[in-house]
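Single-structure report; data block below.
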Amino acid sequence: MVEAGHARSALERASLLDLAPGARVAVLVRQGAELQGEPLARAEERLAARLQAVGGTLSRVEPAMDEDLMEAFERHAAQDAPELVIVAREPRGRLARLLGDTPEKLARHGRGPVLVTRLPAEAPYRRVLVGIDYSENAREALELALRLMPPEAGPLDVLHCYDTRYALVMHQEGASAKQMVDYYRRRASEADAGLRAFLQPYRDQG
């Protein structure tokens, strides 16, 4: 499912996916938005061609005049639950910062994975970076990234940030340089071990 308020980047990213045979793509058009202009037309044509190659279909969903975009999404998802939602990042005004914008709402309340795009696509996915924190959500993100990458893609990078804030307390309490170095080394070693354990089930996937 592609939300097309800021359509070009979302449409082009959708056309780069390794679509399954018989894939169904729905373009959800925000109220008052139009898919028009040469760049948008080319992006939609590329997506339609990719779908035709796998025997898929492309449809358009337009909310009612008085229907909120999230309501329209929920209504469509209840009928035909999307396996992946692609949405373009939006300019964030004051109201969006207060109430949340569409990508944030979909990520928080949607029923499946959300891929947020910013720039128009230039090439198929080749290098993917996944940030993890050992949670089940992080595991789902990693597994989705593995599914999105074609077999010929380059390495998949996994990023984990670990916490060393206790070093400030140690410094304030007069810890020696050796104690500080030992602390940093221990935290790095623990993070490395945790990351290796988290990734172990995926070692045979490249």
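Data for the structure
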quantity: DSSP-assigned coil residues among GluC sites (Glu not before Pro) in segment 141-177, each with at most 13 further Cβ atoms within 10 Å; calculated: Glu152, Glu173
quantity: Global geometry of segment 128-170, whether rounded, prolate or oblate, following the gyration tensor of its Cα atoms and the 1.5 cut on a/c; calculated: oblate
quantity: FRET efficiency for Tyr184 and Val54, using Cβ-Cβ distance with R0 set to 45 Å, rounded to 0.05; calculated: 0.35
quantity: Residues with amide H under 5 Å from that of Arg60, placed H, sequence gap 5 or more; calculated: Val27
quantity: ³J(HN,Hα) computed for each position of segment 42-49 - Karplus, 6.51 cos²θ - 1.76 cosθ + 1.60, integer Hz, glycine/proline x; calculated: 5, 5, 5, 5, 5, 5, 4, 5
quantity: Arg24 long-range amide H proximity, modeled H, under 5 Å; calculated: Thr57
quantity: Trypsin sites (Lys or Arg not before Pro) within segment 115-158: DSSP coil, no more than 12 neighbouring Cβ in 10 Å; calculated: Arg118, Arg126, Arg127
quantity: Label-point separation in nm, Ala197 to Arg46, each point 7 Å along Cα→Cβ; calculated: 4.3
quantity: Global form of segment 154-199, assessed from the alpha-carbon gyration tensor, a/c cut-off 1.5; calculated: prolate
quantity: Qualifying chymotrypsin sites (Phe, Trp or Tyr not before Pro) in segment 110-182, DSSP loop, other Cβ atoms within 10 Å at most 16; calculated: Tyr134, Tyr162
quantity: Segment Ala167-Ala78, extension gain: residue separation times 0.36 nm, minus the distance between their alpha carbons; calculated: 27.1 nm
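Coordinate-derived values only; no laboratory data. Keep in mind it's a predicted model, so treat the numbers as computed, not measured. Don't worry about glycine lacking a Cβ; one is built from the backbone with ideal geometry, like all the others, and counts go over all protein chains shown.
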